[in-house]
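Note sheet for the following structure.
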Amino acid sequence: MSATMISGKEISAKLRLSVKAQADALRAKGVVPGLAVILAGDDPASAIYVRNKEKACEECGFYSEKYVLPAETSQDELLSLIAKLNADPRIHGILCQLPLPAHISEQAVILAIDPAKDVDAFHPVNVGRIMTGDYDFVPCTPAGVMAMLDECGIDPKGKHCVVVGRSNIVGKPMSMLLLHRHGTVTICHSRTKDLADVCRSADILVAAVGKAGFITADMVKEGAVVIDVGINRTAEGKVVGDVCTAEVAEKASYLTPVPGGVGVMTITMLMQNTLKAAEKQSAGV
Ligand code: NAP
C-alpha cells in the first residue's frame, strides 16, 4: 500500500478562505476579529511560530497585535499586559507563546487569560469543557487533526485510536476529541508496556511524542491512518516528524507529512478559534 498524503497546506488554504469570508461578514457588522500574540524570551522556534500566526491573521483579515518581550520580563509585567488585553474590546483572542522563560509560571499565565479570550484553550475552564464535550474552543493542534480526518472522510467512530503522548496541549485533548467522536481510545506514554504492539492494533495512530522517526513501519498496521504531530529539528536543521515517513507510507492508508501537515492546520484552527471568540463576544454571549 502507498499512503495518501493528507496535505495540511491544501486543507488550510480552503479553511482559511472560509474563515476570511466569515470575518468579512463580521466586519460588515462593525467587528474585526482581533488576536494578540505575546512572545516572551528569545526562543527561535517560537519566533517563527509567532511570525506565521501574524501572517495568518493578515490572510484572514484579522486585526493583530504582537508583543515581543525580553527574556528578563517579570511575571508581574506579563500578567499586567494580559490584564490590559483582557479588558481591550479590540482583542478577542490572546495567545502567549510557550515555552516561557523559566522564572515565569506557565500556570499563572494560563490562569490570567480570560477564558472567553483563551483561543489556545489551555485555561482550566476550557479544559474542563473539553472533558464534558460542551466546548467553544479546542486546543489548536488536536482540532487541526480532527479537521484533517473530517476532510478525508475518516470517521473515528468504532475505530481503535491510539494516541502516543499525553501532554496537556496535544495528547490528552486529542484523546478526548476522538472519544467524543466515538473512537475507542488508548493513550500511550513513556511508561506504556509493549508500545509497538499497542500501536500495531491502531486503526488511527496519532504520534505526539517529540522524537524524530519514533514510529517505524513495524509499529503500524497495514492500512492504518497515521497522523504525525511531531515537529523535531535534526542536527542538520531539517524539520521532521515523529514518524519514519518513507517506510510508514508503504503500510499506511493515509499519512500526514512534516512539514506541511498538522503544523499549518494548528495555525488555521487558531484563526477559527479567534473568529469564534469575536462572534461570541460581539453577540455578548
Ligand atoms: P511533550 O509535552 O514533551 O509530551 C511528549 C509525550 O510523549 C509525553 O506524554 C511522553 O510521555 C511521551 N513520550 C516520550 N517518550 C516516549 C516513549 N519513548 N514512548 C512513549 N511515549 C513517549 O510534547 P508535546 O508538547 O505533546 O509535543 C509532542 C510533539 O508534537 C513535539 O514534537 C512537538 O514539537 C509537536 N507539536 C506539534 C504541534 C503542531 O502544530 N504540529 C503542536 C504542538 C506540539 P510521558 O508523559 O510519560 O513523559
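The values are calculated or read from the model by the stated rules, or taken from the named source; none is laboratory data. As the structure is a computational prediction, the values presented were derived from the model and not from experiment. Every residue, glycine among them, receives a Cβ derived from its backbone with ideal geometry; neighbour counts consider all protein chains shown. Heavy atoms of the whole protein, side chains included, go into the accessibility calculation; ligands, DNA and RNA do not. Shrake-Rupley method; radii C 1.70, N 1.55, O 1.52, S 1.80 Å.
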* Any residue in the stretch 13-26 that is charged (D, E, K, R), more than 18 Å from residue 93 (Cα to Cα) and either loosely packed, with under 13 Cβ neighbours inside 10 Å or at pLDDT 95 or above (or both)? -> yes
* Structure fact -> Residues of the stretch 46-81 being part of a helix (DSSP H, G or I) and open to solvent by less than 40 Å² (accessible area, probe 1.4 Å), in sequence order, are 46, 47, 50, 53, 56, 57, 60, 78, 81
* Structure fact -> The residue from 252, 235 that alone is away from the ligand (no atom under 14 Å from the Cβ), assigned to a loop (DSSP other than H, G, I, E, B) and modelled with pLDDT under 95 is 235
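Has the stretch 133-148 got any residue that is open to solvent by 40 Å² or more (accessible area, probe 1.4 Å), in a helix (DSSP H, G or I) and within 14 Å of the ligand (Cβ to nearest atom)? Even if it seems obvious, please write down each step before you answer.
We begin by selecting, within the stretch 133-148, every residue open to solvent by 40 Å² or more (accessible area, probe 1.4 Å); these are 134-135.
Those left that are additionally in a helix (DSSP H, G or I): none.
The answer is no, given that none of the residues of the stretch 133-148 is open to solvent by 40 Å² or more (accessible area, probe 1.4 Å), in a helix (DSSP H, G or I) and within 14 Å of the ligand (Cβ to nearest atom).
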* To do: Provide a single number: the residues in the stretch 255-272 that are near the ligand (Cβ under 8 Å from one of its atoms), open to solvent by 10 Å² or more (accessible area, probe 1.4 Å) and not β-branched (Val, Ile, Thr).
  => 1
